[in-house]
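Only one structure is covered here, and it is reproduced in the block below.
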Amino acid sequence: MSNPFLGEIRMFGGNFAPQGWAACNGALIPISQNDALFSLFGTTFGGDGNQNFGLPNLWGRVPIHDGQAPGRQSYANGALGGAEGVAVLPAQHPAHSHVLKVSLDAASTTTLKGNLVGVPASLLTYYEGNPARAFGDDMVSLSAGSNMPHENRMPSLAITYIVAMAGIFPSR
């Protein structure tokens, strides 16, 4: 393997960081132990800038390029974005309806397929015939998710991201 640039980030198939590398897990590093890397990172990824600085944290994140793509928002180096969970609110649901057809006749079967809800008659639930009316909005209430968050991550594969703690100081 060629000598890495100091601060270079790579994907690594192991579950550890090889010698000379550190995991991109947001750890705080004393400036006194790696002032050259601090001169590249500064406090972009955390730290107080006096005693320590942070390594990039790629746990549960997808790296994106800094800058601004046409028609997109601008991202500064080290900026975080996105969310692992998103609550879908009722205002975000597309307009739609759920029509439940029912009959006013006595139920005559227990079979759902091809039938509709009928007036209770003994233990039978469904009616073999034509619907007489639809339930109104005030008769059927369905939960719309209760504004609870849902998983929002794309399909993924866990890979260890590592950053070079030693290497060639990159020139501009």
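The values are calculated or read from the model by the stated rules, or taken from the named source; none is laboratory data. The structure displayed is predicted, hence computed values, not measured ones. Ideal geometry is used to build each Cβ from the backbone, glycine not excepted, and the neighbour counts take in all protein chains shown.
Filter the stretch 18-55 down to the residues that are in a loop (DSSP other than H, G, I, E, B) and in contact with a Ser or Thr (Cβ under 7 Å, 6 or more places away or on another chain) and list them by number.
Correct list: Gly49 only.
From the list Phe45, Phe41, which one is in contact (Cβ under 8 Å) with a residue 24 or more places away in the chain, more than 27 Å from Glu151 (Cα to Cα) and assigned by TED's automatic domain parsing to the domain that holds Phe12? Walk me through it before giving the result.
Numbers: Phe45 fails: more than 27 Å from Glu151 (Cα to Cα).
Result of the check over Phe45, Phe41: Phe41.
Which residue, of Val102, Val119, Val88, is surrounded by 10 or more Cβ atoms within 10 Å (Cβ to Cβ), under 23 Å from His150 (Cβ atoms) and hydrophobic (A, V, I, L, M, F, W, C)?
It is Val88.
Can you confirm whether Leu112 is closer than 30 Å to Arg61 by Cα and in a loop (DSSP other than H, G, I, E, B)?
No; evaluated as a whole, the condition is false for this residue.
Given the criterion surrounded by 10 or more Cβ atoms within 10 Å (Cβ to Cβ) and either under 30 Å from Tyr126 (Cβ atoms) or modelled with pLDDT of 95 or more (or both), identify the matching residue among Ser32, Ser97, Ser108.
Ser108
Among the residues of the stretch 45-82, what is the count of those that are closer than 22 Å to Arg153 by Cβ, of a type in the set (Gly, Ala, Ser) and surrounded by fewer than 10 Cβ atoms within 10 Å (Cβ to Cβ)?
Matching residues across the stretch 45-82 total 1.
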